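Single-structure report; data block below.
The values are calculated or read from the model by the stated rules, or taken from the named source; none is laboratory data. This is a predicted model, so every value here is computed, not measured. Positions of Cβ are generated from backbone atoms using ideal geometry, with glycine treated the same way; all protein chains shown enter the neighbour counts.
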Amino acid sequence: MDLRVLWPTACLGGAVLASASYAQERTDYLGEPVRYEDEERRDPVARLAEDLASGERELRWDEQRGWLPALLEALEVSATTQVLVFSKTSFQDRLISPETPRAIYFNDEVALAWIPGAPLMELTGLDPLQGPTFYSLDQDSRAPRFQRRDDECLQCHSSSRTRNWPGNLVRSVHPDERGLPILRSGSFLTTHASPLLERWGGWYVTGTHGAQRHMGNVTAHAAPGEEQVDVTAGANVTDLAPFIETERYLTPHSDIVALLVLEHQAEMQNLIARASYKGRLAEHYQRSMNEAFGDPADHVSDSTRRRYAAAAREVLDYMLFRDEIALAEPVAGTSTFTQEFPASGPRDSRGRSLRDLDLELRLFRHPCSYLIYSRAFDELPAPVLDVLWRELWDILHGRDVGREFPRLTRDDRAAILEILLETKAGLPDYWS
């Protein structure tokens, strides 16, 4: 819903089949031990809803943009994170077009989507235990009310594209001149491992990137047997005025650097949430087996240990950008996002932060995800965290962990280790 660039099945046909498949696949996270369906949430949207209900906080209505400005302030989301998607890939697709794109804003724990004149805003809050949680906010009401949207949103946000777990989606499609995805030409899931040439179909992109090409800023023109995107026409765009009425939006940008960060963040959040779900399922299964076979309560089988390790390694490999696509040339955004984003992270005594951007050869100067500081990371099941911390310690010391990290240089490892030792709370004792 919020972070996706994905056509809603209900809008484009096949809703019954999608719902049936969704019902079959959702059993791992409904009921014990995950209980994703529980009402209790600690994400920023849920906390704000509680403050509004208690009268501790109020939101100011804006005649032009409804709850958007007040909501960004309350959730501590900067307008410089604005990115614009014009493909008809929301359940409010009739309001989205190349002339009226959907604006997405985000920080480390929440993302929200706004369309000019739309009756609803769409939000994702990142709960530290339950992962991405989906909400809507009625724009037609003068009393803000958030509503959970599990049934609608999870039909797409818990699908094969998210490995059948609740998750965010950032996708690239071939949009026609109305913004409709051309389904027969396929689409791409976008992460930091995606080639630029497969990114941002259906998005506006402002910034420079040299001779590198992407699919943004243009629509696809159908030809017999193929759909063609003129990637040259969409390259190095720094002004969206020829495309949209920029004054309708909070900023005139859809910053390329904000897009790069969003894509990394969305999948990193998914992997942390999946590791939490899988870790809890493994713990639950082990308890059941111990009871059934009369084993001690603290017995852990080799198969369970392998499940913990597999969950941890998925997080670790992505966190260290093992499969990141290298930049062929420097990229530069058009907004102040490049300056604001690094400023909000903790820094060591040498002034270094995991939020420092590189943008010449890769996304970050020190390739270890800043989401290592997130509450969701800290609340991973203890057996998963144990594997993760031990292997990270070994990797940063250049020891063999059974797989290669060719892009992680000796200087990278040393810098990441030094930054974490000074800035990350809760490190295992052996780290110090």
Identity of the residue in the stretch 3-35, buried (at least 18 other Cβ atoms within 10 Å of the Cβ) and basic (K, R), that ends up modelled with the lowest pLDDT:
R4
With the condition being among the aromatic types (F, W, Y) and more than 15 Å from the chain's Cα centre (by Cα), I'd like the strands (runs of 3 or more DSSP E) fully within the stretch 80-128 carrying at least 2 qualifying residues.
none
Taking T133 as the residue in question, decide whether it is part of a strand (DSSP E or B) and either among the aliphatic types (A, V, I, L, M) or at pLDDT 90 or above (or both).
yes
Go through the stretch 182-219 residue by residue and tally those that are of a type in the set (F, W, Y), under 23 Å from N270 (Cβ atoms) and not in a loop (DSSP other than H, G, I, E, B).
2
Tell me yes or no: at least one residue of the stretch 206-216 is free of Cβ contacts under 8 Å to residues at least 24 places away in the same chain, assigned by TED's automatic domain parsing to the domain that holds R35 and of a type outside the set (G, A, S).
yes
Going through the stretch 36-89 one residue at a time, which ones are of a type in the set (G, A, S) and either at pLDDT below 95 or touching a strand residue (DSSP E or B) at 6+ places or on another chain (Cβ under 8 Å) (or both)?
A46, A49, A53, S54, G55, G66, A70, S78, A79, S87
Could you tell me whether V45 is assigned to a helix (DSSP H, G or I) and under 17 Å from the mean Cα position of the chain (by Cα)?
yes
Members of the stretch 276-316 found to be of a type in the set (G, A, S) and surrounded by fewer than 14 Cβ atoms within 10 Å (Cβ to Cβ), listed by number:
S288, A292, G294, A297, S303
Filter the stretch 104-135 for residues that are in contact (Cβ under 8 Å) with a residue 40 or more places away in the chain and of a type in the set (G, A, S); the one that is farthest from T246 (Cα to Cα) is G131
Taking the stretch 327-344 only, how many residues are surrounded by fewer than 21 Cβ atoms within 10 Å (Cβ to Cβ) and closer than 24 Å to Q82 by Cα?
11
